[in-house]
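Reviewing the structure listed below.
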Amino acid sequence: MLDKTGIAKRIAKEVKDGYYVNLGIGIPTLVANYVRDDIEVEFQSENGVLGMGPFPFEGEEDADIINAGKQTITTLPGASFFDSSLSFSMIRGQHVHLTILGAMEVSENGDIANWKIPGKMVKGMGGAMDLVASAENIIVAMMHTNREGDSKLLKKCTLPLTGVGCVKKIVTDLAVLEVTDNGFKLLERAPGVSVEEIQKATEGKLVVEGDVPEMIL
């Protein structure tokens, strides 16, 4: 079973040389720490930053340099800052190759619910709507079940949707799954996790073909 860092490390393997990548709030922000050193990647944050680096070391934070989740970040040489209109022009113009988001729920057909938190007042959907509507490659980073042990990979989402049929791949603490026309296809198991455990934790249809390998971080 993976922790949040393990999920980020596995997703970092999906980042390719030359990619422009948007990182959502939560687990996705950790991905920048684990991208291979031998490739060049530009991380974009919807609040107006292109060229984000890893999180700063303690004591080296600059409160004026933050990501969309209001966390302090570092910037790489050549980084740029701009207003929201330009930032969302990049997103809506499909100039971002990969979007990595957190989620409360994902359905077996790729619907995502990640903006409305049960019981909490929120200002609105924010940039998530633009990201899921514009991105062609969306990977979700999430825990497989909620705190009560209920599956977050569902036949149908119960929370208000952010986007419909847009998620391509999901990396959880238990598995790597691809969204297909037939449901969640199991690609990899987390170390020490069995197929049976993943099946038990998945409400939506789980497609298992042959021997499913353990993921390598």
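The values are calculated or read from the model by the stated rules, or taken from the named source; none is laboratory data. Please read all numbers here as calculations on a predicted model, not as lab measurements. Because the Cβ atoms are built from the backbone with ideal geometry, glycine has one as well, and the counts that use them run over all protein chains shown. Ligands, DNA and RNA are stripped out before the accessible areas are found, and what is left, the full protein with its side chains, is counted by its heavy atoms. Shrake-Rupley method; radii C 1.70, N 1.55, O 1.52, S 1.80 Å.
Summary table below
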quantity	calculated
Selection status of L131, open to solvent by less than 40 Å² (accessible area, probe 1.4 Å), touching a residue at least 12 places away in the same chain (Cβ under 8 Å) and under 17 Å from the mean Cα position of the chain (by Cα)	yes
Pairs with Cβ under 6 Å, 6+ apart, first in region 88-116 and within 26 Å of H144 (Cβ to Cβ), second open to solvent by 40 Å² or more (accessible area, probe 1.4 Å) and in a helix (DSSP H, G or I)	none
Condition met for E136 (modelled with pLDDT of 95 or more and open to solvent by 50 Å² or more (accessible area, probe 1.4 Å))	no
Exclusive hit being of a type in the set (A, V, I, L, M, F, W, C), open to solvent by less than 20 Å² (accessible area, probe 1.4 Å) and part of a helix (DSSP H, G or I), set V21, V31	V31
Which listed residue, of G53, G93, G110, is at pLDDT below 95 and either out of contact with any Leu (no Cβ under 9 Å at 6 or more places or on another chain) or open to solvent by 80 Å² or more (accessible area, probe 1.4 Å) (or both)	G93
Scope region 1-18; condition among the basic types (K, R) and open to solvent by 90 Å² or more (accessible area, probe 1.4 Å); matching residues	K4, K13, K16
Residue list for region 155-176, filter: under 11 Å from G204 (Cβ atoms) and out of contact with any Gly (no Cβ under 9 Å at 6 or more places or on another chain)	C157, I170
Cβ pairs under 8 Å, 6+ apart, first in region 17-44 and within 17 Å of G127 (Cα to Cα) and of a type in the set (A, V, I, L, M), second open to solvent by 40 Å² or more (accessible area, probe 1.4 Å) and in a strand (DSSP E or B)	V21/E42
Residue selected from region 113-133 under the condition in a loop (DSSP other than H, G, I, E, B) and touching a Pro at 6+ places or on another chain (Cβ under 8 Å), by the criterion modelled with the highest pLDDT	W115
